[in-house]
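J.: I have a structure here, written as structure tokens, and I will follow up with some questions on it.
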Amino acid sequence: MELDKQYNSRQVETKWYSLWETKGYFRPRSDRSAYQAPRPTDKDAGPSYVIVIPPPNVTGILHMGHALNNSIQDVLVRWNRMKGRDTLWVPGVDHAGIATQNVVEKKLAKEKKTRWDVGREAFLKEVWKWKNEHGSTITRQLRRLGASCDWTRERFTMDEGLSKAVREAFVTLYERGLIYRGNYIINWCPRCQTALSDEEAAHKDVQGGLYHIKYPIPGKSGPYEKMGEDHIVVATTRPETMLGDTAVAVHPDDPRYKHLVGKKVILPLMDRQIPVIADAFVDPEFGTGIVKVTPAHDPNDFAMGHRHHLEQINVMTPDGKINERGGVYKGMDRFDARKKIVHDLEALGLFIKRDSHLHAVGHCYRCDTVVEPYLSKQWFVKMQPLAAKALKAHEEGKTTFYPDRWTKVYLNWLGGIRDWCISRQIWWGHQIPAWHCEKCQAAGLVSRDSGNEEPKMSPKSRVPGSDGIIVAREKPSKCPSCGNTELQQDPDVLDTWFSSWLWPFSTLGWPAKTEDLKKFYPTSDLVTAPEIIFFWVARMIMAGLEFMGEVPFTQINIHGTVRAATGLKMSKSLGNSIDPLEVIEEMGADALRYSLVMLSAQDVYLSREKFEVGRNFANKVWNACRFVLMQLEGLETASTDPGQFKKVKLSLPSRWILSRLEEKAAMIEKHLAQFGLAQASTELYHFVWDDFCDWYIELAKPMTQSADPALKLQTKKVLFYVTERILRLLHPFMPFITEEIWQTFKQKAADAEAWPETIMLAGWPHEEENKFHNAEAQKAIGLLQDAVSGLRDLRIRYQIAPTDKLTAVIVCKEPGMIETLRAFEREVKVLGRLTELQCVSAFQKKGAMAASSFAAFDVFVPLEGILDPEAEKKRLQKKIQETEQWIENIRKKVENPSFAAKAPKEILEKEKEKLNDAKSLLVSYKTQLAGL
RNA sequence: GGGCAAUUAGCUCAGUUGGUUAGAGCAUCUCCUUUACACGGAGAGGGUCAGAGGUUCGAAUCCUCUAUUGCCCACCA
């Protein structure tokens, strides 16, 4: 079996993925006894390694953010799996309540139907049908990416087990007094017609208006247009809410208005008298210093209403129209009503002006409609007690964020946490496990949810049913209070995140005490984007502590956001997205993954060209391996055993590459251990490309053609050994191409029976497995590289074609170095394409020659008839000038007494060495100039 | 209003706890179809490391301020 000349990513990817999956390689080791890790020597095989996928939205398709997130996770999972740890990656999707419902509602709208037309049951059937037909798009796409999830454990937030977990969590919190119901101002989306949590109302700066309106002060009698100057002025951004005003407020210490407190003003258009109250919330500096108070339509006013026992007048319908309490404006859309009201006020002479005003307005995160602060009865989770546990866990060092700066963001949010509105007035989701007893409610036993009260830590009564609401895990047969069997389940469903926050343990079987839960909880790492720290990460930590008594994961890796090259967030609606699947089709999943990971050091600004790095690299790897395979023709003894080189006197390049491999593997390991995937992949890229391909393979070529059979053999063995290890180092990043190549390598290996079935289960090359470190070899190859570069430079400088004959003399300036130079004379001759090469320690220049100079040596080539003395003179003068400047700089540094006194010895040595090198160079240049 | 990032070559970005004559990829230019690879090889040009102060023997790196950009949070109507 040989590798095709062209790498066919499509074919390779589908072939290997289905094989991996069907053979069960993605499952934890403990689940696949037939495939035990083949290398028990792995020192890092420690506790199990578990991560949970951030469940993507069931309506979603794979976008670049997912591709990045899952590439990173897959690198970590594959790396840990190779290290021999019992590894589990649980995949799944969430039901995305509002988003999914919207999709199906849109479908219905095409038939000119609404969900109310078809009814709840039939509608839910439709949603399930949609889910079953389209809900697996994203998981199919994750497979294309190569994500090595254990699909046998795939979960859906609405499946039976997770629904049970949701009910368990809800009831438990209720019993602990951490769930309450009440009338409060929440964010209401008039389009989706549901409540939203604070996190779901995205604030955006909007250029709006600040409307100044006169509220007349009533005189003796008569209509207010005759009140003359007797009025106050309020400023508001939402004039339409004035229909529900029940007071105006001033600051208690504001001298301008002190006399008004306790008096009444007339609410225009509604002709109601409302009181002037004093409240410290009012900022005398803002606007006119007078605020209209609308307790049913503004959270601040709501609070103020509480303090002053004001009536709450809700003037809006759930779909954002003015209701019957809005008088003549009834039935108008809120924004139309705003215009009409301003117009009417103008007509009455009560409208003063509209100032342009920039302010933050909440928008529905699903449909971008302006949300309305709206008074309604909702279910809430009391968050402070949960947050307190999370804060304590952090103090105890149980949660660590990478990079660290996110810690503060997380802690700040926890510190200022507000209660979580969890009920949604939609149908797709977990229906709230609460049942209403209409008899009890009619009897007036509704103490718990009467609203108009600040939420209490402990409800007044815990006796089930006493308030007409029964919260239970399963539907109760009758009301425990009155025996009524006609119980109605609360129609609302729970926020989708109420199921997502249980994900780390609900997917492992909770509330049942399963083996998985015992073995795999808490999980190891969480990898996610910063956008969902509040939505998901913080809440998972709180849920883990509350329900499991333990944080769900200890390391939280927050990676960058994927953005389009323009800097905007990538999104389909903006038309600036790049479809990862297209990139996979075009360049391969490995290319996509490698490019993304290399760029992931911070926010990722993407354009299509950026994936060329990965594509080119994959191609490079493929071809380098093809070359190595060609060398293995007829070789029977290729093996992965490091011991094979113990008794062999290896060539200098081989000693060098083995030393580099060891060094780089250690560095890559170090980076991976601290989520430095970008650094790790970059190191690997340069090692493979620069060290291995550009130098070692080039150096190896002549050796594999050598007349010396021993040299020939050992070189091929080293090529095989190093390449096989490179494949394993690359595998977490490029799973497909490495598997494909590795399998062909396996067929050439003498120790193939010791190889596992897949590279996935081959051990991770550990730097301590062998001891190839060799400083001398590294130094010598450094000199070799200089010599070869010097020759290439000379060829280019004087336009000598590569095919032209060239001889050279290397003049060693450093005593003792001559032996080293002679040691690789042959290699320099080949790489420099020389017909002849001499290494000498003293040299008398004859005829026209030019040189490349280095600290340790000069490389001379004869250039009879080519050398232009004038140009050469100029070049050398420039070099001399540069070098003198350099020497001057170092000298200044070295001769500074403070430097000598304070700098570490190492640095001092280094600087002195540099100075000597520079001086040596200068001598070379000057000698050359003199000889012209 | 508060907070966090970013600002380094034409473009996109690296730059580890302060110590290389500041790097890479792409783009540009020159040369090379040498039997792994033109998705390649060998070279070249190109930067006062946003600006100003400060700490230090030494600053792209640490501190302060300023400017520009982006993001997150926030109940001043």
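The values are calculated or read from the model by the stated rules, or taken from the named source; none is laboratory data. Computed from a predicted structure; not experimentally measured. In this analysis, Cβ positions are derived from the backbone assuming ideal geometry, glycine residues included, and neighbour counts consider all displayed protein chains. These area figures cover heavy atoms from the full protein model, side chains too; ligands, DNA and RNA do not enter into them. Shrake-Rupley method; radii C 1.70, N 1.55, O 1.52, S 1.80 Å.
J.: What ranking, highest mean first, results for peptides A:725-731, A:70-76 when packing means the other Cβ atoms within 10 Å averaged over each residue?
T.: The packing order, highest mean first, is A:70-76, A:725-731.
J.: With labels modelled as points extended 7 Å from the Cα through the Cβ direction, what inter-label distance (nm, one decimal) is found for A:E906 paired with A:R418?
T.: Each label point is offset 7 Å from its Cα along the Cβ direction, giving 5.2 nm.
J.: Compute the label zone of A:E438 within the stretch A:370-398: residues whose backbone N is under 20 Å from the point 7 Å along Cα-to-Cβ.
T.: A:377
J.: Sticking with this structure for a sec: Please work out the ratio of the alpha-carbon Rg of the stretch A:227-385 to 2.2 N^0.38 Å and round it to two decimals.
T.: Against the compact-globule rule of thumb, the ratio is 1.07.
J.: Hey, any idea what the orientation-averaged projected area of the convex hull of the stretch A:42-192's Cα atoms comes to, in nm²? List each step's numbers first, then the result.
T.: Numbers: hull surface 51.2 nm².
The Cα convex hull of the stretch A:42-192, projected and averaged over all directions, gives 12.8 nm².
J.: Per residue, how much accessible surface does chain A expose to a 1.4 Å probe? Answer in Å², no decimals.
T.: That works out to 44 Å² for each residue.
J.: Report, in deg cm²/dmol and to the nearest 500, the calculated mean residue ellipticity at 222 nm for chain A, where each DSSP H run with n ≥ 4 adds -39500 (n - 2.57) and the sum is divided by the residue count.
T.: The helix contribution divided over chain A gives -12500 deg cm²/dmol.
J.: Just in the stretch A:862-932: which GluC sites (Glu not before Pro) are loop by DSSP and have at most 12 other Cβ atoms within 10 Å? Intermediate values should be presented prior to the final figure.
T.: Numbers: sites: A:E864, A:E870, A:E872, A:E882, A:E884, A:E888, A:E895, A:E906, A:E909, A:E911, A:E913; in loops: A:E864.
Hits after loop and neighbour filter: A:E864.
J.: GluC sites (Glu not before Pro) within the stretch A:280-359: which are DSSP loop residues with at most 12 other Cβ atoms inside 10 Å?
T.: Values: sites: A:E285, A:E311, A:E324, A:E346; in loops: A:E285, A:E311.
Sites meeting the loop and neighbour criteria: A:E285, A:E311.
J.: Run through every distinct alpha carbon pair of the stretch A:780-932 and return the Kirkwood hydrodynamic radius in angstroms, one decimal place. Spell out each step's value before the answer.
T.: Numbers: mean 1/r = 0.0601 Å⁻¹.
Evaluated on the stretch A:780-932, it is 16.6 Å.
J.: For the stretch A:637-702, what is the largest minus smallest coordinate of the Cα atoms on each principal axis, given in angstrom and ordered from greatest to least?
T.: Principal axes ranked by extent give 38, 25, 19 Å for the Cα atoms.
J.: What does the convex hull of the alpha-carbon atoms of the stretch A:795-836 project to on average, in nm²?
T.: Quarter of the Cα hull surface area: 3.3 nm².
J.: Can you tell me what share of the DSSP beta bridges in chain A is antiparallel? A percent to the nearest 5 is fine.
T.: 70 percent
J.: What span do the alpha-carbon atoms of the stretch A:568-689 cover on each of the three principal axes, reported in whole Å from largest to smallest?
T.: Reported extents, whole Å, longest axis first: 64, 34, 19.
J.: Can you say what percent of the DSSP beta bridges in the stretch A:788-932, counting only those with both residues inside, are antiparallel? Round to 5.
T.: Working: 9 of 14 bridges.
Among the beta bridges of the stretch A:788-932, antiparallel pairing accounts for roughly 65 percent.
J.: While we're here: In nm, give the distance between the simple-model label positions of A:H773 and A:K620, each being 7 Å from the Cα along the Cα-to-Cβ direction.
T.: Here the answer is 2.7 nm between the modelled labels.
J.: Stretch A:K258-A:K926 to full length: gain in nm at 0.36 nm per residue minus the Cα-Cα span?
T.: 231.4 nm
J.: Could you give the length gained on full extension between A:H308 and A:F281, defined as 0.36 nm per residue of separation minus the Cα-Cα distance, in nm?
T.: Length gained between A:H308 and A:F281: 8.5 nm.
J.: Quick one: Cα convex hull volume of the stretch A:710-866, Å³ per residue?
T.: So the per-residue Cα hull volume is 167 Å³.
J.: What is the local net charge at A:F286, summed over the other residues whose Cβ is closer than 12 Å to its Cβ (Lys, Arg +1; Asp, Glu -1)?
T.: For residues surrounding A:F286, the net value is -4.
J.: Okay, moving on. Relative contact order for the stretch A:702-822: what percent, with Cα pairs under 8 Å and sequence separation of 6 or more?
T.: Relative CO of the stretch A:702-822 lands at 15 percent.
J.: Let me ask something additional. Determine the relative contact order of chain A: mean sequence separation of Cα pairs under 8 Å and six or more apart, normalised by residue count, in whole percent.
T.: Rounded, it is 13 percent for chain A.
J.: Still on this structure, please answer the following. What residues of the stretch A:241-258 lie in the reach of a label at A:D230, counting those whose backbone N is under 19 Å from a point 7 Å from the Cα along Cα→Cβ?
T.: The answer is A:248, A:257-258.
J.: Over every pair of different alpha-carbon atoms in the stretch A:299-351, take the mean of 1/r and invert it; report that Kirkwood radius in Å.
T.: Computed over Cα pairs of the stretch A:299-351, the Kirkwood hydrodynamic radius comes out at 12.4 Å.
J.: Which net charge results when you count Lys and Arg as +1 and Asp and Glu as -1 among the other residues whose beta-carbon is under 11 Å from that of A:W420?
T.: -2
J.: Given a Förster distance of 56 angstrom, what is the FRET efficiency for A:D404 paired with A:K129, based on the Cβ-Cβ distance and rounded to 0.05?
T.: Once the sixth-power term is evaluated, E becomes 0.75.
J.: Then there is this: Given a Förster distance of 30 angstrom, what is the FRET efficiency for A:K15 paired with A:T637, based on the Cβ-Cβ distance and rounded to 0.05?
T.: Efficiency, from the Cβ-Cβ distance: 0.50.
J.: Let me ask something else about it. Run the accessible area of chain A with a 1.4 Å probe and give the carbon-and-sulfur part as a rounded percent. Please report the intermediate quantities before stating the final value.
T.: On the way: 20970 of 40620 Å².
Here carbon and sulfur together make up 52 percent of the probe-accessible area.
J.: Label points 7 Å out from Cα along the Cβ direction at A:D368 and A:Q273: separation in nm?
T.: 4.9 nm
J.: Using the C-alpha atoms of the stretch A:864-932, what convex hull volume per residue, in cubic angstrom, is computed?
T.: Dividing the Cα hull volume of the stretch A:864-932 by its residues yields 74 Å³.
J.: Could you grab the relative contact order for the stretch A:806-863? Cα pairs under 8 Å, six or more apart, rounded to a whole percent. Mind showing how you got there, number by number?
T.: On the way: 92 pairs, mean separation 29.0, N = 58.
Reported relative contact order: 50 percent.
J.: For chain A, what size does the Cα cloud have along each of its three principal axes, sorted from largest down, in whole Å?
T.: Computed over chain A, the largest-to-smallest principal extents equal 120, 68, 58 Å.
J.: May I ask for the net charge around A:T236, where only other residues with Cβ less than 13 Å from the Cβ of A:T236 are counted and Lys, Arg are +1 while Asp, Glu are -1?
T.: Counting the neighbours of A:T236, the net charge comes to +1.
J.: Test of understanding: express the Cα radius of gyration of the stretch A:625-672 as a ratio to 2.2 N^0.38 Å, with N the residue count.
T.: Working: Rg = 13.4 Å, N = 48, 2.2 N^0.38 = 9.6 Å.
Taking N as the residue count of the stretch A:625-672, the ratio is 1.40.
J.: Between A:E2 and A:S789, what length comes free when the chain is fully extended (0.36 nm per residue of separation minus the Cα-Cα distance, one decimal in nm)?
T.: Separation in residues times 0.36 nm, less the Cα-Cα distance, equals 279.9 nm.
J.: Which FRET efficiency value, to the nearest 0.05, is calculated for A:K106 and A:D159 with the Förster distance at 41 angstrom and r the Cβ-Cβ distance?
T.: Result of the calculation: an efficiency of 0.95.
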